[in-house]
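Report on one structure; see the data block that follows.
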Amino acid sequence: MPKVVSIGAIALLLSFSLGSPLSAKETPLILDSGIELKESRPNETTYYFRLQVGDKPLSQVIIDLPKGIEIQKWIDVVDANNRPVGSTYDRNGQQVLITFAKPIAIATKLNFYIHGMKAKGSVNLPILVKLEGNPQNQPIGTIRIKL
């Protein structure tokens, strides 16, 4: 009987470890998200999220926008010292593709500021990434924003 349990335990362990395409160390981590309100411009709200790059350089971040959500202004991406990291963003259907001029180094913390996002209620925005050397979009989590 112990042989069956150990084989079953090994099969269960393999199914969990092989189920995720990225290891925990490789996966960028979403640190937090929220809203910045400016007293000087009460009608202008900036939404943000922060992430930390894992053990592989980061080449692109993708935000899946639900239908009806628009970004009417721009997106800033800066490092933990508030320095621009050199990025561009494009809209591809319901996705916003944030591409970096050069891959973002391992363990770097990034702040993403979304200006002019319009919608009603609360939204969940799935975040995906492309890591250097891997052409696949990898989901890393979802941020919830109350609009």
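Every number in this text was worked out from the coordinates using simple rules, so none of it is lab data. Just so it is clear, the model here is predicted, and its values are computed rather than measured. Here Cβ is always computed from backbone atoms with ideal geometry, including for glycine, and neighbour counts include all displayed protein chains.
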For Gln95, enumerate residues with amide H under 5 Å from its amide H, sequence gap 5+ or separate chain, H modeled in the peptide plane. Leu65
Looking at region 49-147, which chymotrypsin sites (Phe, Trp or Tyr not before Pro) are in a loop (DSSP not H, G, I, E or B) and have at most 11 other Cβ atoms within 10 Å? Trp74
Taking R0 as 35 Å and r as the Cβ-Cβ distance between Thr99 and Asp32, the FRET efficiency 1/(1 + (r/R0)^6), rounded to the nearest 0.05, comes to 0.90
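Go through Lys25/Lys120; Lys67/Lys102; Lys38/Lys146; Lys73/Lys146; Lys73/Lys120; Lys38/Lys109 and tell me which ones have a Cα-Cα distance over 28 Å in this structure.
Where the Cα-Cα span goes over 28 Å, the pairs concerned are Lys25/Lys120; Lys67/Lys102.
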Which of Leu58, Thr142, Thr99 sits closest to the plus end of the dipole of region 37-147, meaning its Cα is farthest towards the positive end, when Lys and Arg get +1 and Asp and Glu get -1 on the C-beta? Thr142
Identify all aspartates and glutamates with a Cα-Cα distance to Lys56 below 18 Å; exclude those on the same chain that are fewer than 8 residues away in sequence. Glu26, Asp79, Glu132
Can you run phi through the Karplus equation (6.51, -1.76, 1.60; θ = phi - 60°) for region 118-129 and list ³J(HN,Hα) in whole Hz, with x for Gly and Pro? 10, 5, 10, x, 9, 9, 9, 10, x, 10, 10, 9
Once both labels are modelled 7 Å past Cα along the beta-carbon direction, what's the Gln52-Ala80 spacing in nm? 0.7
Using amide H atoms built in the peptide plane, which far-off residues or other-chain residues are under 5 Å from Gly54 H to H? Leu29, Ala107
Ordering of 123-132, 75-84, 102-111 by burial proxy (mean other Cβ atoms within 10 Å per residue, highest first): 123-132, 102-111, 75-84
